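The values are calculated or read from the model by the stated rules, or taken from the named source; none is laboratory data. Quick caveat, the model's predicted, so the values are computed rather than measured. Note that we place each Cβ from the backbone using ideal geometry, even for glycine, and neighbour counts take in every protein chain shown.
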């Protein structure tokens, strides 16, 4: 079972470059999320989606855009990368409907912006 | 605010018990969670407790919830070197993950 898969796992960018992180889940989950993890700050929600074709802002959305054209995929874009966006990015998903709220995470994508 | 706070580091000897503590602020939380993150990996749910419970035990893990003090703890009995990881406390006010707030994580070091 693949679960939640993120690509790429590592990337180095120069300031001002753009890139897209891809998240794919094979569990037919309705909800998908992008988090960033920074030392001493835990996980902060960037954007999320409650279904195909819908997206919403989380706690730290500035500088990022997302799209959910297909139910199984959630893309995170950086249009003009900044050093402050150096972080580890995690995608997660949850089923819709009543559940325990357990988040299923990918393995992370480590991004360095020089 | 919606803060979840936990200490950043804990060091124990192999075979001892580990207790990781967490405080949260939202009294309307429905579920409280402990996630484990091993090096280079994503977070995985370790255990959770529903807000109307005081305690939950699962093999070596014991979760205690004090709603009055908004305090959650995770006890790991007979701690092993394989338990070395970062443990995240989290609270949720509903079943949508966008309502989940994470603490900064406690890094557990287990000395052989």
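Looking only at residues that are surrounded by 13 or more Cβ atoms within 10 Å (Cβ to Cβ) and within 15 Å of the chain's Cα centre (by Cα) in the range B:6-16, which one is modelled with the lowest pLDDT?
Ranking the candidates gives B:7 first.
Scanning the range A:23-45 for residues that are without any contact (Cβ under 8 Å) to a residue 40 or more places away in the chain and part of a strand (DSSP E or B), which turns out nearest to the other protein chains (Cβ to nearest Cβ)?
A:42
What number goes with the only condition from (1) more than 16 Å from residue B:89 (Cα to Cα); (2) touching a strand residue (DSSP E or B) at 6+ places or on another chain (Cβ under 6 Å) that residue B:39 does not pass?
With respect to (1) more than 16 Å from residue B:89 (Cα to Cα); (2) touching a strand residue (DSSP E or B) at 6+ places or on another chain (Cβ under 6 Å), residue B:39 is out only on (2).
Looking at the range B:40-49, can you tell me whether even one residue there is part of a loop (DSSP other than H, G, I, E, B), at pLDDT below 95 and either more than 27 Å from residue A:97 (Cβ to Cβ) or away from chain A (no Cβ under 14 Å) (or both)?
yes
Residue under question is residue A:48, and the condition is that it be buried (at least 21 other Cβ atoms within 10 Å of the Cβ), within 18 Å of residue A:6 (Cβ to Cβ) and within 8 Å of chain B (Cβ to nearest Cβ); does it hold?
So residue A:48 fits the description; yes.
Within the range B:64-108, track down each residue that is part of a loop (DSSP other than H, G, I, E, B) and surrounded by fewer than 16 Cβ atoms within 10 Å (Cβ to Cβ).
B:67, B:68, B:69, B:77, B:78, B:80, B:94
Would you tally the residues in the range A:58-104 being within 14 Å of chain B (Cβ to nearest Cβ) and in a loop (DSSP other than H, G, I, E, B)?
Within the range A:58-104, residues that are within 14 Å of chain B (Cβ to nearest Cβ) and in a loop (DSSP other than H, G, I, E, B) number 14.
Just one of the numbered conditions (1) farther than 16 Å from residue A:109 by Cβ; (2) touching a strand residue (DSSP E or B) at 6+ places or on another chain (Cβ under 7 Å) is not true of residue A:80; which one?
(2)
With A:20, A:55, A:7 as the choices, which residue is surrounded by fewer than 22 Cβ atoms within 10 Å (Cβ to Cβ), within 14 Å of another protein chain (Cβ to nearest Cβ), over 25 Å from residue B:86 (Cβ atoms) and in contact with a strand residue (DSSP E or B) (Cβ under 7 Å, 6 or more places away or on another chain)?
Step by step, each of A:20, A:55, A:7 is checked, and only A:55 is surrounded by fewer than 22 Cβ atoms within 10 Å (Cβ to Cβ), within 14 Å of another protein chain (Cβ to nearest Cβ), over 25 Å from residue B:86 (Cβ atoms) and in contact with a strand residue (DSSP E or B) (Cβ under 7 Å, 6 or more places away or on another chain).
Can you tell me which of (1) closer than 17 Å to residue A:44 by Cα; (2) surrounded by fewer than 17 Cβ atoms within 10 Å (Cβ to Cβ); (3) within 14 Å of the chain's Cα centre (by Cα) is the one residue B:33 doesn't meet?
(2)
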